[in-house]
Structure formats: C-alpha cells, structure tokens
Amino acid sequence: MEYYEKIDKNNLPKHIAFIMDGNGRWAQQRGLQRSEGHQAGTATVRKLIEHALKLGIRYVTLYTFSTENWNRPQAEVAALMVLLFDSVEEEIFMKNNVSFRIIGDVEKLPANILARLRACEERTSKNDAMTMVLALSYSSKWEITEAVRSIARRVANNELSIEDIDDNLISNSMTTNFMPDPDLLIRTGKEQRLSNFMLWQCAYSEFYFTDVLWPDFGKEELYKAVYEYQQRQRRYGKTGEQIVNEATKQE
C-alpha cells in the first residue's frame, strides 16, 4: 500500500515547513554546477505544490534563502537571485488557487526581484486553496529581534504596558502572524538542526529528518513524512493518558 492510502485525511498537519537542504550536494554528486542543483530544487517545489494540494495541506513554508546565505560566494548568490526571479510564475499559483507570501528581511533583495514578489503576492492574495510562503533573507533571530523592537516601541509610546506582553502578543508581532505555527517541520539532506529557522514557531512542531536530498524529495517522501507525523502523539506537556481521555470525550 502506498503512503497516500495509509494517511488519515482527517488528521492532517495544517502547516508544513520545509528546510530544503541538499541542492548543492545533489549537483556535485552528478558532476554539475551548484546552480543546476538549485534549478532541480525549484522543479521539486513546483511538484510539491501539487502534492500538498492533493493531500489537503493548508500552509506550506519553504526556507528558501537565509540571512547567512548572503555570505556564500557572490557568483552563487547572483545565480540564486536570477533563479528566484525566473521561478516566480503567477500562473502556477493562479491555476492551483494558491496564495503566495514572502517573509524575511526582504528589503535586502534586489529591487526588481522584490517588486516581482510583491506583485505576485498581491495578485494571488484572494486564492484560498493553500498558502505557500517563501522565507527569504530570513533568520529566526532577526525576526524575534524585530518583534522585540516593535513591542518595545509600543511600550515606549504608551500603547502597551509591560504586563500586556505575553506569548500571544509576541506571536502576533512575528512576520508569520497570518498563519498557524508549523505542525510538522521537514528537513531534507541528512542534517538534523533548525539552522535559525522558525525557532519560536516550532516550539511544539514535530520534526522529520531525511537523508534524501531536496531535488529527490518526491510525493512518496512527502506522504511518508505525513504518515510518520500521524503515528506520533502530540502532548503539549500533558501525559499520554490525558490526551487519550480528551480525545475520547470529544468522540
């Protein structure tokens, strides 16, 4: 039986976040330029949209370019920027009724790329089958720092008191405040770390790590990850017995 058939369609993660690792290694293993690996990774993203839609996932966030990635060789960064510009195809989002969003310190992006991304956001804003989010020039430490600064300014302007500060206020001050926190975080490429990605939002996410390099991450890999997610019990600090009893009462 394929993993898709095993999945409980009534117990899906609402939001899956991806750390797309392994494009460069995938290319090097084949004697290709790293940029060709990123091109292959972009093709995987296009297919992922279709597979996630088929499954019924409401939000997908892709860690596309971190603030640390600006330190990569200039030629590779330039190639990534060109690829980013070329890969934002509005018709894919419109055809699939997908809303497109970006988060991160995006003002650092080249002006022509940012303009294209903003235009795609605006034109797809009413689509409601799924929201696909690109984390660009993003780091969680940057995001948390910006949220703290925003709250501090409101306190200084007497818009808030210190007693008003709680986890909900902090969450609402994040760039991700328009969507739920990830239920499932998937990282490809063997590494097992968050790499400064959604540290606040992933406090109770389930993690799934795979050795598969991102360009090879197909539908069966996605469905397998979701199936494995469904085999876990999310307790949020409670005991397993409490969770079972609460589920029984709801039935």
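The values are calculated or read from the model by the stated rules, or taken from the named source; none is laboratory data. In this text the structure is predicted, and so the values were computed from the model without any measurement. Don't worry about glycine lacking a Cβ; one is built from the backbone with ideal geometry, like all the others, and counts go over all protein chains shown.
Here are some notes:
- Annotation: of all residues in region 86-108 being out of contact with any Ser or Thr (no Cβ under 8 Å at 6 or more places or on another chain) and surrounded by 16 or more Cβ atoms within 10 Å (Cβ to Cβ), the one that is nearest to ALA27 (Cα to Cα) is VAL88.
- Identity of the residue in region 187-206, of a type outside the set (Gly, Ala, Ser) and farther than 20 Å from GLU68 by Cβ, that ends up surrounded by the fewest Cβ atoms within 10 Å (Cβ to Cβ): TYR204
- Hey, MET81 assigned to a helix (DSSP H, G or I) and either in contact with a Ser or Thr (Cβ under 6 Å, 6 or more places away or on another chain) or farther than 30 Å from GLN28 by Cα (or both) or not: no
- Checked against the criteria, ILE57 does not count as outside any loop (DSSP other than H, G, I, E, B), modelled with pLDDT of 95 or more, surrounded by 14 or more Cβ atoms within 10 Å (Cβ to Cβ) and touching a strand residue (DSSP E or B) at 6+ places or on another chain (Cβ under 6 Å).
- Residue check, GLN192 part of a loop (DSSP other than H, G, I, E, B), touching a helix residue (DSSP H, G or I) at 6+ places or on another chain (Cβ under 9 Å) and either farther than 20 Å from HIS15 by Cα or modelled with pLDDT of 95 or more (or both): no
- Residue check: ALA17 meets all listed conditions (1) within 18 Å of ALA79 (Cβ to Cβ); (2) touching a residue at least 60 places away in the same chain (Cβ under 8 Å); (3) of a type in the set (Gly, Ala, Ser) but one, namely (1).
- Restricted to region 166-177, and to residues there that are in a loop (DSSP other than H, G, I, E, B) and closer than 19 Å to LYS141 by Cβ, the residue that is farthest from the chain's Cα centre (by Cα) is SER173.
- Residue check, GLU68 part of a helix (DSSP H, G or I), more than 24 Å from PHE197 (Cα to Cα) and of a type in the set (D, E, K, R): no
- Residues satisfying the stated conditions in region 84-111, i.e. more than 26 Å from MET174 (Cα to Cα), assigned to a loop (DSSP other than H, G, I, E, B) and not polar (S, T, N, Q): GLU89
- Boolean, ILE49 is outside any helix (DSSP H, G or I) and either of a type outside the set (Gly, Ala, Ser) or loosely packed, with under 15 Cβ neighbours inside 10 Å (or both): no
- Residue pairs whose Cβ atoms lie under 6 Å apart, sitting 6 or more positions apart in sequence or on different chains, and linking a residue in region 158-182 that is closer than 15 Å to THR145 by Cα to a partner that is at pLDDT 95 or above and of a type in the set (Val, Ile, Thr), are SER173/ILE151; THR175/ILE103.
- Every condition in (1) at negative phi; (2) not in a helix (DSSP H, G or I) holds for GLY31 except the one numbered (1).
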